[in-house]
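Take a look at the structure below.
The values are calculated or read from the model by the stated rules, or taken from the named source; none is laboratory data. Bear in mind the structure is a predicted one, so any value in this text is a computation, not a measurement. Virtual Cβ from ideal backbone geometry, glycine too; neighbours counted across all protein chains shown. Keep in mind that these areas ignore ligands, DNA and RNA; they rest on the heavy atoms of the full protein, side chains included. Shrake-Rupley method; radii C 1.70, N 1.55, O 1.52, S 1.80 Å.
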Amino acid sequence: MPHIELAPDRKLLKTNFDGYILSLEPVPVLTADFTSTNSPHRVKPNEQQYSYYHARLFGMQNHLVRDPWATGQCYYIDVTGMVQRICYDSTLGRMRPLVAVFKLPLAPTDPAPDGDDTGTHRYNCSLVFPSEQLCLLSDGCGTVRVLETGDRTTGREWKLQSAIRPVENNLAEGVLPGGSMLLDGRFLVQDGKRLLHCVLLQIEHHAMGKSKSLLHWITLEQSAPPGWTLSVSRTLQSAGYPRYCVLDYHATGILVACDEPFRFLYDSENPVVIPEPKPIGVDAAEQTAWEQFPFRWVQTLEEINVTFDKQANVHYRVVTEPASPGGENCLKVFANDLLVIDGTQLFATVDHEQTVWAMDRKTLEITLQKEAAGVVWPFLFPGSPDETGASGDSDSQPTSSDLPPATNLSAPLEACDFEGEQDTFYTLERLSCSNHAVTHTAVLGSGPPLFAVTLRAGLPATFALRHDVDACLWQLQPVPFGSEDCRFQHEGTLHAFGYVQASKRQQKYLACPPGMEYAVICESHRGIYIYKGHYGAGGAGLRNRTGPQVAIGQYQFVSLKDWGEVLGISCEDEMLMLLTEKALLMLQITNE
């Protein structure tokens, strides 16, 4: 399984960036108050939806959806079920009047009848734009509608092509009664077939245990235009909550970032083969090599230490030999000619030239140098024993002296620099739909992706990940059809945004425009912070008193008093749109 190294492009980093200073320049704000009929529609969790995953799904959903195919346009659903179009006129510098483009039949808010679980699993409405002329709309109650939008810049009325209920389809399995939330959608033409792929999220609640996340990947085929039929259904499950989820370019794999792995449960096209659990009383021949010849391992941010307690009548041998003819040297550890550690299966690459080992009558100790210093390995190799002391032995954990220094900051790293516990690791995995295996994995560290944004129409969403004090944006790269390759490119950097984001405890939405000229941290009620990576001509040529030239940025704070809770956000290069309970706000952004 290849490991993806997310190595930032140093040309996109600014090592002389010296932070942000407050700008007192006012931000122009245009408002449009809602009436009783066009205020945003919102469903709150009921008494059976009280898990952390439910709270995150309902509380963090963005109800203002940006159209990546039409700059300056976004959409929301009002209390009457109308899909409202918001358009910003860049020539006039103001918003155009709202335009209703589709009427969505909303389910009644009354409790569901006995035996009907629809009300129990109801979610908020959600929509995605898989192409220039198609929209996928979920009503939050189990129905996904395919809408033909035509040219969305004209504001014409959308037409319904099909309404799909996956839970009632014979091909679907594992779909819970009730609704779901749309995460991603892609439109493809393959072998003359028009296909729509979409991913839906459901939370499987367990009253006596931890809730689980279900991802339903369904494929719709347009066999007899304009109707669509469900042709393939797949279901994945995890004990974690997905923080980033997209389909790749050709919809041959799904990429998910989570602290717990997602695995296929069902596939109507290629049946999922679940390995049978190994019986408790296994023979020695069925044991893995490390179970027959056990070892323990610990790590710092720079190296891995492996220790074997030598057994009687066992001959241990450490060699570094090429994995293939003409290839680079690779570590191999044998016990009685049985390969226990294979260097080609390690979680990440090591510097084999720096590998050292020592053996005495009792132990064999091996020290491996990480090539990517600062990355904490969640495992040594697939199926390996857990790290010694990973559950709480402080002696084996990286100490404060092992932590990398903060770039260009005089103060050391603080507790706010690290989200969550240090024993929580997030990984980004690509799972193939053909063999249901994990084809690629990337370690994201102890913090999840900060947010996702679509930089260019038709491309999978880009995710922002903290790197030191910065936030780097990573874009999935296109590959030829049929290839299982997976590559990411560093598209841009939000300087020092990772640091300032970690210090804000009331954040709700994080976002940036496609041009990456600024970044925002939006709180639920109090206000919004706008961070720009430059300070215009006034900030050019600044120098420390006894140092080289430095670069500074500016931030602005806009108060959101009396507008109610913020329900959605949409960023463009010249303006920022906010959807609140009482009004629609448009902030005009000046980029010098």
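Annotation: amide H-H contacts under 5 Å for Leu450 (H modelled 1.01 Å from N, sequence separation of 5 or more, or interchain): Ala464, Leu465, Arg466. If you take the Cα centroid of the range 362-383 and the Cα centroid of the range 1-79, the two points sit 38 Å apart.
Can you tell me the order of 310-317, 171-178, 55-62 when each peptide is scored by its average per-residue count of other Cβ atoms within 10 angstrom, highest first? Don't skip to the answer; put the middle values down first.
Values: 310-317: 11.1, 171-178: 17.9, 55-62: 14.9.
In decreasing order of mean packing, 310-317, 171-178, 55-62 become 171-178, 55-62, 310-317.
Keeping the other protein chains in place, figure out the carbon and sulfur percent of the accessible area of the range 291-370, with a 1.4 Å probe. Kindly include the intermediate steps, with their values, before the conclusion.
Values: 1950 of 4330 Å².
Carbon and sulfur: 45 percent of the exposed surface of the range 291-370.
Here each label is just a point 7 Å from Cα along the line to Cβ, and for Thr71 and Gln354 those points are 4.6 nm apart.
Tally the DSSP beta bridges in the chain and give the antiparallel ones as a percent, rounded to 5. Present the calculation step by step, with values, prior to reporting the outcome.
On the way: 150 of 155 bridges.
Looking only at bridges with both residues in the chain, the antiparallel portion is about 95 percent.
To the nearest 10, the accessible area of Trp290 is 60 Å² with a 1.4 Å probe. Using 20 Å as the cut-off for backbone N distance, which residues of the range 157-188 belong to the label zone defined by a point 7 Å from the Cα of Arg194 along Cα→Cβ? Only 157-165, 185-188 fall inside the zone, counting backbone N under 20 Å.
On a per residue basis, the convex hull of the C-alpha atoms belonging to the chain measures out at 194 Å³. For the range 188-232, the residues whose amide N sits under 20 Å from a probe point set 7 Å from the Cα of Asn170 along the beta carbon direction are 218-224, 228-232.
Label sites at Ala55 and Arg94, each approximated as a point 7 angstrom past Cα along Cα to Cβ, lie 4.4 nm apart. Computed from backbone phi with θ = phi - 60° and the Karplus coefficients 6.51, -1.76 and 1.60, the 3J(HN,Hα) list for the range 348-362 is 9, 6, 10, 8, 5, 5, 9, 6, 10, 8, 9, 9, 10, 5, 10 Hz; x is used for glycine and proline. Quick one: if the Förster radius is 35 Å, what FRET efficiency do Asp342 and Glu269 give, using the C-beta to C-beta distance and rounding to 0.05? FRET efficiency, Asp342 to Glu269: 0.55. In this structure, the amide hydrogen of Ile164, modeled 1.01 Å from its nitrogen in the peptide plane, lies closer than 5 angstrom to those of Val144, Arg145, Val146, counting only residues at least 5 positions away or on a different chain. Across the range 333-342, computed HN-Hα scalar couplings (Karplus, 6.51 cos²θ - 1.76 cosθ + 1.60, θ = phi - 60°) run 10, 10, 10, 6, 6, 9, 6, 9, 10, 10 Hz from first to last residue, x flagging Gly and Pro.
Which order do Glu574, Glu291 take when ranked by solvent-accessible area (1.4 Å probe, heavy atoms of all protein chains), largest first? All intermediate terms of the calculation are to be shown ahead of the outcome.
Details: Glu574 105, Glu291 80 Å².
The most accessible residue leads, giving Glu574, Glu291.
As a rough guide to protection, the peptides 346-353, 253-260 ranked by mean Cβ packing within 10 Å, highest first, stand as 253-260, 346-353. If the segment from Val79 to Ser36 were pulled out straight at 0.36 nm per residue, it would be longer than the present Cα-Cα gap by 14.7 nm. Would you work out the relative contact order for the range 291-370, in percent, from Cα pairs under 8 angstrom that are 6 or more residues apart? Relative contact order here is 30 percent.
Kindly identify the range 291-370 as rounded, prolate or oblate by the Cα gyration tensor criterion: order the square roots of the eigenvalues as a ≥ b ≥ c, call it rounded if a/c is under 1.5, otherwise compare a/b with b/c, prolate if a/b is larger, else oblate. Oblate is the answer for the range 291-370, as a/c is 1.5 or above yet b/c matches or exceeds a/b.
Please tell me the relative contact order of the chain in percent, rounded to the nearest whole number, where contacts are Cα pairs under 8 Å and at least six residues apart.
Values: 1286 pairs, mean separation 85.6, N = 592.
Rounded, it is 14 percent for the chain.
Distance between the 7 Å Cα→Cβ label points at Glu574 and Gln48: 5.0 nm.
Provide the per residue accessible area, probe 1.4 Å, for the range 291-370, rounded to a whole number of square angstrom. Walk me through the intermediate numbers first.
Working: 4330 Å² over 80 residues.
Ligands and nucleic acids excluded, the figure is 54 Å² per residue.
Rounded to the nearest whole Hz, the Karplus-based 3J(HN,Hα) values (6.51 cos²θ - 1.76 cosθ + 1.60, θ = phi - 60°) of the range 232-242 follow the sequence 9, 9, 9, 9, 10, 9, 8, 7, x, 10, x, with x at glycine and proline. Relative to the current alpha-carbon distance between Lys103 and Asn313, full extension at 0.36 nm per residue lengthens the span by 67.8 nm. The amide H of Ser231, built 1.01 Å from its N in the peptide plane, has Thr219, Leu220, Glu221 as neighbours under 5 Å, considering only residues 5 or more places off or on other chains.
Run the numbers for Asp151 and Asp9: contour at 0.36 nm per residue of separation, minus the present Cα-Cα distance, in nm. Let's see the in-between values first.
Details: separation 142, 0.36 × 142 = 51.12 nm, distance 3.77 nm.
Roughly 47.4 nm would be gained on extension.
Using the Cβ-Cβ distance between Ser483 and Ser223 with R0 = 25 Å, the FRET efficiency computed as 1/(1 + (r/R0)^6) comes to roughly 0.35.
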